[in-house]
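In what follows, a single structure is set out as structure tokens and then discussed.
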């Protein structure tokens with residue numbers, strides 16, 4: 001759903017067409033149109049942002065528009081609160097990891113721990129099938145390095161360390177036969193390790209539960225803050241679009257009031273030109289009449305179009321539409337342009353694509369936007 005954008009030439013050309021013979025007035029109106037387009041483009045970005053937020057699965061959105069940043073106070077506050085909660089949680093996890101390090105030190109100091117302190121010397125021991133049997137080699141020196149690391153390779157929680165310690169012994173038991181000394185040593189140390197782990201496990205489980213609850217609460221708070229933020233943005237955008245709707249209606253009325261009344265001859269010429277349109281183009285012309293005259297039956301088999309009964313607004317729209325359509329089809333618009341001077345002829349050539357009136361188009365779009373945003 002796009003708003004009118006500034007690259008659309010039709011709207012500006014319509015203003016030019018309405019003010020033929022009065023360049024100064026036309027230039028003033030064009031400036032107002034340019035200002036409206038600029039603001040509408042800004043509103044379009046904000047509306048798209050709100051739509052993307054409600055359409056996204058995770059309700060995440062990156063706000064870049066300066067006008068919308070004023071709505072993000074609550075979201076930023078929630079992000080700051082999450083950071084504040086992260087510090088104590090990290091500190092608690094570091095304490096658990098310190099306690100786990102004590103267990104690990106007791107295991108590595110056991111007299112049977114020496115085969116597991118360093119990576120397996122696969123080539124030196126001639127273990128040619130080792131990597132075929134063992135998918136992920138592990139040893140205590142590698143575990144200690146990851147515990148001391150300060151980058152992305154470091155352990156994030158105790159569970160990760162626990163899993164790697166078990167992997168050290170499980171690898172040894174998997175590769176070596178049950179009667180082999182290394183297998184027996186690994187099995188014995190694994191049992192001792194599990195006993196010590198059970199002493200620490202209740203504190204680990206308690207911390208994990210607490211962390212999960214805090215994360216869930218933080219996500220809920222963030223989601224609520226985002227929903228409130230974007231609901232406020234939608235409300236403000238709806239109000240702005242309503243104001244633009246009213247402004248555009250006033251602008252349209254001002255332009256209509258300044259029209260030079262179409263003469264009887266011009267109306268007759270316009271009626272003649274309508275007969276030169278193709279059936280499809282004639283249907284579109286009749287739709288233009290119906291837009292401002294709901295009682296007019298544009299789709300009836302027989303249509304009686306009374307030019308004198310039409311408003312200046314409708315007549316001007318019809319004139320512009322007919323001229324452009326006939327020009328595109330390579331046909332002359334006849335009497336429509338017969339009374340215009342050379343200056344007006346040049347204006348017509350420079351603005352060949354004017355079909356739709358900016359005020360009406362933008363007003364419709366604004367109303368459409370307002371209705372949709374009010375349902376968000």
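Every number here is computed from the coordinates shown, using simple stated rules; none is lab data. On a predicted model such as this, the values are computed, not experimentally measured, just so you know. Note that each Cβ is placed from the backbone with ideal geometry, even for glycine, and that neighbours are counted across all protein chains shown.
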Ranked by how many other beta carbons lie within 10 Å on average, peptides 162-172, 301-311 from highest: 162-172, 301-311
Over the Cα atoms, compute the radius of gyration (one decimal) and Dmax (the largest Cα-Cα distance, rounded to a whole number) for segment 274-314, in Å. 9.8, 26
Given Cα pairs under 8 Å that are at least 6 residues apart, what percent is the relative contact order of segment 88-222? 27
For residue 283 and residue 264, extending 7 Å from Cα along the Cα-Cβ vector and measuring point to point gives, in nm, a value of 3.6
How much FRET efficiency would the formula 1/(1 + (r/R0)^6) give for residue 141 and residue 210, where r is the Cβ-Cβ distance and R0 is 51 Å, rounded to 0.05? 0.95
Stretched fully, the stretch from residue 192 through residue 101 gains (0.36 nm per residue minus C-alpha distance, one decimal, in nm) 31.3 nm
What area, in nm² and to one decimal, does the C-alpha convex hull of segment 162-249 cast on average over all directions? 9.9
Quick check of the Kirkwood formula: for segment 88-222, what is the inverse mean of 1/r over all pairs of different Cα atoms, in Å? 16.4
How many nm separate the modelled label positions at residue 295 and residue 35, each set 7 Å beyond the Cα in the direction of the Cβ? 3.8
What order do you get for 118-130, 38-50 when each peptide is scored by the mean count of other beta carbon atoms within 10 Å, highest first? 38-50, 118-130
Per-residue counts of other Cβ atoms within 10 Å, averaged by peptide: what ranking do you get for 316-328, 144-156, highest first? 316-328, 144-156
How fast does segment 106-171 diffuse by Stokes-Einstein, in µm²/s, taking the Kirkwood radius from C-alpha pairs at 4 °C and 1.567 mPa s? 100
